[in-house]
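Down below is the structure, laid out as structure tokens.
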Amino acid sequence: MTSKQVKPLSGAVRTSAGAVRPLAGVRITGGLLHHWQRRNGTATIPHTIEQLRAAGNVANLSRLLEQDPAPYRGRYPFLDTDLYKTLEGLAYELGDGRAGEPVREFFEEVVGLLERVQAGDGYLNSFFQDPAAAKKPWEDLAWGHELYNLGHLIQAAVAAARRMGDERLLRVAERFADLVVQRFADEGVCGHPEVEMALVELYRETGLRAYLDLAAAFVDRRGSGQLKHSIFAGDYFQDHVPFRELPSVTGHAVRMAYLAAGAADVFLETGDRSLFEALERLWDDMVATKLYVTGGLGSRHSDEAIGDRYELPSERAYSETCAAIAVMQWAWRMFLATGGAKYLDVFERVLYNAYAVGLSADGRAFFYDNPLQRRPDHEQRSGAESGGEPLRRAWFTCPCCPPNIVRWMAQLADYVAAERDGALLVAAYTGARVEGTELGLVMESGYPWDGDVRITVERAPDGPYGLVLRVPGWARGAAVTVNGEPHATQARDGWLSVERRWAAGDEVRLTLPMPVRAHGSHPYLDATRGAVSLARGPLVYCVEQQDSPDAAVDDLVIGAPEIVNANTGRRDDAVVLTVTAVAAPPPSAELYPELPLEQALPETTVTATFVPYFLWGNRGPEAMRVWVRTPYATHGKKAK
């Protein structure tokens, strides 16, 4: 350990160059996010450490210290990243005082191994450092993922330095990064973007411009013909045209969103407007045509890729958990760059749906892909094996998602608030203590189950100061009171601003009404045409067969009156929706019956309960649907 003290107010992203500045002085103290973080520490992290040991990730490092190393364990050459992502999460847990001795022991063991096995020139990769490796370092930039490995190492190292005051891993990462700066000074790019974000953050941590310059070069080199494509064509790698010329988000979904997040980081530090214009165009096109209603990204299993515009099949949604995290990383950086609330709306939609669904209720099993519909005979697969388990799995051959969940869950507090000159912005609602530069707050809320938020001022500056509250795009009729008196200011561009001279004890109350909403889909989106999805607050809902005992979920038909009259209730602390629906089974068993059909459909009235999408799949492998038929999607007469 070094004697260097922990830098105050320093989170996962540290920049002062945007429209707003990230605020790391937040501690989540209550609500659903607090429950998630407790579960992360008590269940997901111990499980992940156990699986990393069992799968050989730790042994892959320790064997390099042997005279005659045992064979590398695992199918892929980038499995070190699973250790790095876990270490990043552990740095938060340890630094924030949430972890016990077993976590510290694992952290110490892995950091010690990394220090010992790193090559003299700084290179570090347990696959390629093996004397018996089938390939040499840097031989296969498309699939070797060596720079991707470095990216996750840097992010773990920066987290350890900022949250724990421990710079040992930072020194390891800097030596590797310095080697990469020399090796790739003039040409070369990684097949899997990720290092771009990390290099910019390393620049922010150290002040060394070479890291930022290399990150910018990696963004600009894509599409220049420097990467040798194999298995898939150039668009899979976002390498068929220069980044600024991409017409739409494309290719492997995680790669695309990581690349965009890295490009956003480069923009934040360089002010390159042409880069931002491309980012804004790509973002808007993605949100308008390529995101699932859950915020998931990626509709193709064959290459884990983003499909064409409006290609969003429910039962074949890939919507990888890692892609959800990548979209949130991109969204947060766009928010920092612009202060725009629309980016936070997407961030929140992803957080509570496409991301949260990736983890089981007990914190020990994971979805790799996240469909919006499950048929009774569906098997859960990661894409590599034949056959699969019916629901979440304890681990994967390519286990990139579980440790990614660990690190993101550990750092959720970094995405609650931000600052700009003269104001503190509340981006997310949960129980929390918020220590801003000028304003100290205590926030209490049952969000996302209810829309009531109470904020109490604990510390305030002498003069007027702004408290700016996000009003989600779905919220209608948001209202604010200050010390019990209505505040007349209306929300503008997704923000409601209260500026005054604050005093300790002042209380602000925000009310966000949460009626049940019905969402349709664009008519070009063939997969869900004539269907409806239900939402309440930031949560998308689904119906599982267990909660529709009187009808198959595929036979349910709901219309406007049923949705308006939906009842809300509680189950295991979650808000569920009870809907009266029509059960309308098809009149014919034929796959393609001749139309029109003269007879009306046989109909019965049934009751179904809709649960938050992120909670599905915890009670057994039954059918599930997010999108349910409306009266206009039946084969016969309009349902009553």
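Here are a few things to note about the model shown:
- Search result, residues across the stretch 355-376 that are in contact with a Leu (Cβ under 7 Å, 6 or more places away or on another chain) and part of a strand (DSSP E or B): Phe366
This table checks each residue for (1) in contact with a strand residue (DSSP E or B) (Cβ under 8 Å, 6 or more places away or on another chain); (2) assigned to a helix (DSSP H, G or I); (3) modelled with pLDDT of 95 or more.
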{"site": "Leu391", "(1), (2), (3)": "yes, no, no"}
{"site": "Thr397", "(1), (2), (3)": "no, no, no"}
{"site": "Val406", "(1), (2), (3)": "no, yes, yes"}
{"site": "Ala418", "(1), (2), (3)": "yes, no, yes"}
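- Test result for Glu108, of a type in the set (Asp, Glu), closer than 22 Å to Met164 by Cα and either touching a residue at least 40 places away in the same chain (Cβ under 8 Å) or assigned by TED's automatic domain parsing to the domain that holds Leu439 (or both): no
- Applying the criterion of at least 3 residues that are of a type in the set (Asp, Glu) and buried (at least 18 other Cβ atoms within 10 Å of the Cβ) to the helices (runs of 4 or more DSSP H) found wholly in the stretch 1-101 leaves 80-95.
- Residues that are among the hydroxyl-bearing types (Ser, Thr, Tyr) and surrounded by fewer than 20 Cβ atoms within 10 Å (Cβ to Cβ) within the stretch 522-543 comprise just one, Tyr524.
- Search result, residues across the stretch 296-339 that are without any contact (Cβ under 8 Å) to a residue 12 or more places away in the chain and closer than 16 Å to Val350 by Cα: none
- The strands (runs of 3 or more DSSP E) found wholly in the stretch 525-630 and carrying at least 3 residues that are closer than 29 Å to Pro448 by Cα and of a type outside the set (A, V, I, L, M) occupy 539-544, 567-571, 604-612.
- When each of Tyr92, Tyr123, Tyr76 is tested for being farther than 12 Å from His152 by Cβ and either among the hydrophobic types (A, V, I, L, M, F, W, C) or modelled with pLDDT under 95 (or both), the lone residue that passes is Tyr76.
- Pairs linking a residue in the stretch 215-238 that is under 10 Å from Val189 (Cβ atoms) and without any contact (Cβ under 8 Å) to a residue 24 or more places away in the chain to a residue that is of a type in the set (Ser, Thr, Tyr) and surrounded by 13 or more Cβ atoms within 10 Å (Cβ to Cβ), with Cβ atoms under 9 Å and 6 or more positions apart or on different chains, do not occur.
- The stretch 28-75, residues that are more than 23 Å from Leu113 (Cα to Cα) and of a type in the set (A, V, I, L, M, F, W, C): Ile28, Leu32, Leu33, Trp36, Ala43
The values are calculated or read from the model by the stated rules, or taken from the named source; none is laboratory data. Every value quoted in this text rests on a predicted model; they were computed, and no experiment measured them. Please note: Cβ atoms are built from the backbone with ideal geometry, for glycine as well, and neighbour counts cover all protein chains shown.
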